[in-house]
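The values are calculated or read from the model by the stated rules, or taken from the named source; none is laboratory data. Please read all numbers here as calculations on a predicted model, not as lab measurements. No Cβ is skipped: glycine too gets one built from the backbone with ideal geometry, and neighbour counts run over all protein chains shown. The accessibility values were calculated without ligands, DNA or RNA, using every heavy atom of the protein model including side chains. Shrake-Rupley method; radii C 1.70, N 1.55, O 1.52, S 1.80 Å.
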Amino acid sequence: MIASPSPLPALDRRAVALLLAATLTTMANAAISPALPGLEARFAEHPHAALLTRFLVPAPSVAVVLIAGWAGLLADRLGKRALLLAGVLLFALAGSLGMVLNSLEAILASRLALGVAVALIMTAQTALIADYFDGAARSRLLGLQISARNLGGLVSITLAGVLALMSPMHAFAIHGVALLILPILWTAITEPKRPHVAQTTSTEDHESTQGLGVGLWAMAALQMLTTICFFTMPTQVPFFVASHGIENTAIIGAVMGALTLAGTLAATRYGALKPRLGHARLFMLGYGLMGAGMATLALAPGLTVIFVGATLVGLGFATVSPNFNEIALRSAPASRRGQAAGVMTTSVFLGQIISPFLTLPLVRSTGYSGTFATLATVLVLAALTALIFHSMQKPQTREV
């Protein structure tokens, strides 16, 4: 392993390159959200325009679910540097291709290819962070990675909203920014030396026969439910804003930007809040904020209140999100933490895939206000479920 003793990994050119790559991952799903109403109008004659248009946002998640597991094998066989560079190049090509495609089916196919790129980038990037850095430097860089992803989403959503003012097809051009990052990765990233395979200990043999733990599956299910609720924001809120007579895509992008910026700020406070509040109280706080945000959206009379609701949802989601992996990985044996991380990653993307299929019928039957009110109720119940789960586990595992 090539370790770095630097306490400030953001000053390391490898760290800067990897953080730039991290900005692409959120962009893949959310960047075209401001253009969704325009895309639906452009393909209005398509019999399934409403569903397919909304599904363009989580479509990359389908490919990630199918490809992420194999991407790890490719990293070992082809090298992490090659995988990362290939992923970034594919990201730029597949993401930008939507500008020139003339059917929803073709655009959907390009979005699936974009998901393959995301799977390659996320797998290689995480592996390279572990190879290059250890100790405090690695922890700091992993924290910065979360902020980089949110900031990438914020900037891309805002710029895509401006581009969509000219044409909804122009929003796809934002993915071309990956071409600017590619030369930086080419010069900064080197292939790490492969570590020697250690002999498996008897303890590890024993752990490998154990299950992943009830706690992990509970957190995976809760995380998927949370993602289903949260993903209503990029898939339905643009249409919700438009239903208030606001068709300016820059304003729609600003609403989504407020959501992402709130999440960026909240994520930076997790390290300080966790020792003081613990997992249960963070769940209660986060789900309380998300529920309040959804309730605010349900009652929103205009744009100002919509901004408030989106901000509350963003704050709440970023507050609960770091809890999932921490609790889940604690529940799994040390020798199976890779599998545990895979389960948690899959739960996120499955939630993104399922979300439009559940929320679109809900919108059609109850309207936007009814949908947001329903989600607010679900989030309150999720908070109670999390508290009960924590109370049951507390005698065996104390929070630190």
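For the reader, a short list of remarks on this structure follows.
- For the peptides 93-104, 57-68, 176-187, the ranking by packing is 57-68, 93-104, 176-187, with the highest mean count of neighbouring Cβ atoms within 10 Å listed first.
- The slack in the chain from GLU247 to LEU180, taken as 0.36 nm per residue of separation less the alpha-carbon distance, amounts to 21.0 nm.
- Of MET166, MET27, the order by accessible heavy-atom surface (1.4 Å probe, DNA, RNA and ligands excluded), from most exposed downward, is MET166, MET27.
- Estimated FRET transfer efficiency (THR187, LEU89; beta-carbon r; R0 22 Å; 0.05): 0.90
- Label-point separation, HIS48 to ARG77 (7 Å along Cα→Cβ), nm: 3.2
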